[in-house]
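Worksheet: the structure to be examined is printed underneath.
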Amino acid sequence: MEKVAVAAVLLLAAGSLLSAQSSKKGFEWVTRQSDDPLLPGVNSLKVTGGIISAGSSTVYPLSERMVERFKDEGYQGSITVDSIGSGAGLERFCVAGETDVANASRAIKSSEVESARKIGREPLEFRIGTDALAVAVNKSNTFITNANKEELRLIFSTARKWSDVNPAWPKQDILRFIPGTDSGTFDYFVEELFGKKKEPILGAANLQLSEDDNVLVQGVEGSPYAIGFFGYAYFQENKDKLKVLSINGVAPSAETVNKATYPLARPLFLYSSAKIMREKPQVAAFLAFYLTYVNEEIRSVGYFPAEAEALKKAKQNWLDAMKGAY
Amino acid sequence: MQKKLRLGELVIQLTLLLFGVLSILITAGIVLTLGEESLRFFASGEISIWKFLTAAKWQPAIGEYGILPLASATLMTSLIAMLIAAPLGLFVAVYLSQYATPRVRAVLKPILEILAGIPTVVYGYFALTFITPLLRLVFGENVVSIYNTASAGIAIGILILPLIASMSEDALGAVPRSLKEAAFALGATKLETSLSVVVPAGISGVAAAFIVGLSRAIGETMIVALAAGAGSALTANPFRSAETMTGYIVRISGGDLGYDTVDYNSIFAIGIVLFLITLALNIVSRRIVRRFREVYE
């Protein structure tokens with residue numbers, strides 16, 4: 001009789017120990033029931049604490065959407081997403097160390113990894129999707145529907161009037177609306193067209209730069225002779241007022257982006273580090289949530305899902321970082 | 001009679017002195033920071049003061065540091081603002097101080113002051129979504145860019161109108177009655193009296209009002225950031241986009257530049273230029289008040 005009682009007590013103790021094991025402090029949100037084959041489930045109701053993220057204006061609408069969903073499902077804490085450009089976002093993450101997550105529309109540079117290591121952060125990469133950079137003109141523009149890279153180079157550098165690029169086009173000034181010099185979109189465009197040289201594009205006449213893509217959209221809407229480029233989502237959102245150009249005869253679409261035939265497609269990333277995710281379990285929760293549901297949201301925001309392999313790698317990165325933490 | 005030391009009085013005096021000194025210290029602090037950071041810009045060796053003031057291109061990311069395009073845009077928006085606010089403000093002041101009955105005045109003045117209370121961001125969107133489309137309707141879509149200095153200038157003009165009107169009104173109201181009565185006695189009409197006697201007599205105050213308005217227009221930020229454009233351009237056409245000094249500062253300080261880079265320090269160099277311009281204007285306005293003040297009686 002006594003033995004049974006002792007066994008029962010032991011069992012109970014072991015049980016409570018086990019259950020304690022499955023919800024270490026801060027990780028009460030981890031649930032067995034998961035919508036993802038790899039990652040643990042996230043019970044948003046039990047996530048506590050704030051999250052700070054900043055970076056790419058391209059990733060911004062996607063992150064906003066994921067935050068909205070995270071909150072809809074019960075997250076009560078405060079979460080900030082600042083749209084300041086990839087470079088600035090990575091600077092805040094790697095140099096100042098002010099943020100938990102950096103949003104980027106380009107891969108982290110080795111110099112940035114080094115500065116992050118100096119403040120004790122080992123950047124961890126999560127691929128979340130693909131953006132097709134949209135080169136857009138006004139809806140009422142009738143003379144251009146397609147451009148090859150050579151024409152794009154001229155349009156965004158030395159050509160003053162449209163007729164300088166193609167004599168059949170009107171003798172009107174080209175009005176250019178481009179993302180600011182610190183945005184990943186700018187870097188990417190310059191790298192693709194001008195081999196990292198900023199001088200041609202920044203020396204162009206009638207040039208307007210802004211980190212706010214809505215300013216660019218508004219500018220292109222404003223004149224039939226305007227042209228701009230920005231993340232595909234901003235085109236998608238304003239497609240009743242804008243017209244997207246085909247590049248080398250290929251229009252951006254889910255198919256051409258996945259097959260990599262559209263020449264201006266680029267990856268989107270989140271960066272964090274294992275240390276931050278372990279110290280601030282809410283960051284790990286948000287990232288797991290993000291990776292689990294991103295493909296359900298990404299199309300309606302206006303971007304394209306990452307290749308299955310890349311997303312799987314991101315989830316594996318999460319699992320490796322959190323091994324034994326919860 | 002012996003002076004009695006009263007403790008309460010002393011405490012009050014010291015407190016007031018403290019606040020006075022504090023405001024001086026704050027000003028000194030701002031000047032010091034501005035000076036230090038902009039010195040760093042010129043000390044970096046990449047740019048000489050001469051080139052900074054004369055080069056015709058501003059594009060820090062590729063090493064072009066000529067303040068002219070920014071300064072010309074600031075000049076453009078401020079001049080347009082003054083073209084609107086100076087005559088309007090003066091006429092409003094003449095009307096309010098010479099013509100309006102007390103009842104009309106009691107209604108008009110608060111309404112005018114409401115204009116001054118509208119946040120500048122509202123003016124910015126007013127320029128972008130109302131004035132610009134109006135300009136494009138009148139002058140044609142291809143003539144007027146979506147972001148342009150004319151629209152921003154007009155909005156700034158409306159913004160500084162109440163300031164100029166109420167300062168001018170004070171100046172005109174201070175003109176002694178005897179002068180007006182003398183004019184009337186000579187058979188001058190009300191209009192003649194207002195324009196040839198009252199306005200000249202109050203001209204020092206009116207000029208000071210114009211200059212304070214001008215320096216407010218030069219420093220205005222939100223309206224130009226929203227409506228004037230986001231890329232520097234040296235142009236004399238008010239219907240093209242051009243970025244002003246304040247517009248550039250606010251765009252660049254939006255968190256997208258590394259600390260202690262040349263581009264970052266460049267915004268302080270622009271800041272100190274702005275500061276010097278408004279300081280000079282304030283000094284000029286004080287001079288004018290002193291020199292041209294007509295002393296009667």
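FYI, it's all coordinate maths here, none of it is from the lab. These numbers come from a predicted model, not from an experiment. Note: ideal-geometry Cβ built from the backbone for every residue, glycine included; neighbour counts use all protein chains shown.
Tabulated data for the structure shown
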item: Inter-probe distance in nm under a simple model that places probes 7 Å from Cα toward Cβ, at residue A:168 and residue B:99; result: 6.2 nm
item: Fully extended contour minus Cα-Cα distance, from residue B:54 to residue B:282, at 0.36 nm per residue; result: 79.6 nm
item: Residue-span extension gain [residue A:118 to residue A:258] - 0.36 nm each, minus C-alpha spacing; result: 46.7 nm
item: Alpha-carbon gyration tensor eigenvalues x 5, square-rooted, for segment A:35-113, Å; result: 24, 14, 13
item: Which of A:31, B:101, B:149, B:74 has the fewest Cβ neighbours within 10 Å, and the rest in rising order; result: B:101, A:31, B:74, B:149
item: Quarter of Cα convex hull surface for segment A:81-133, i.e. mean projection, nm²; result: 3.8 nm²
item: Cα-based reach from residue A:313 at 30 Å (exclusive), listing lysines while leaving out same-chain residues under 8 positions away; result: A:24, A:25, A:46, A:71, A:109, A:118, A:196, A:259, A:275, A:280, A:323
item: Chain B: equivalent-ellipsoid semi-axes (sqrt of 5 x gyration tensor eigenvalues, Cα, Å); result: 38, 30, 17
item: Mean projection area, nm², convex hull over Cα of the protein assembly as shown; result: 46.0 nm²
item: Inter-chain shielding of B:60-68 (mean C-beta neighbours from other protein chains, 10 Å cut-off); result: 3
item: Whole-angstrom gap from segment A:245-311 to segment B:114-144, using each part's C-alpha centre; result: 39 Å
item: Segment B:88-100 - phi-based ³J(HN,Hα) in whole Hz, Karplus 6.51/-1.76/1.60, Gly and Pro as x; result: 4, x, 5, 5, 4, 5, 4, 4, 5, 8, 10, 9, 4
item: Binned Cα-Cα distances of segment B:69-244, short to long, each 10 Å bin given as a whole percent; result: 11, 34, 28, 18, 9, 1
item: nm² value of the averaged projected area, convex hull over the Cα atoms of chain A; result: 18.8 nm²
item: Axial C-alpha extent at least 24 Å, average Kyte-Doolittle at least 0.0 - helices from chain A (DSSP); result: A:2-22, A:281-301
item: Partner chain coverage, peptide A:180-192 - average Cβ within 10 angstrom; result: 2
item: Approximate spin-label separation residue B:28-residue B:42, in nm, with each point projected 7 Å along Cα-to-Cβ; result: 2.2 nm
item: Shielding of B:229-235 by partner chains, average beta-carbon count, 10 Å; result: 6
item: Cross-link reach list, aspartates and glutamates versus residue A:239, counting only Cα pairs under 13 Å and skipping chain neighbours closer than eight places; result: A:221
item: Using alpha carbons only: equivalent-ellipsoid semi-axes of segment B:119-171, gyration tensor based, whole Å; result: 26, 11, 7
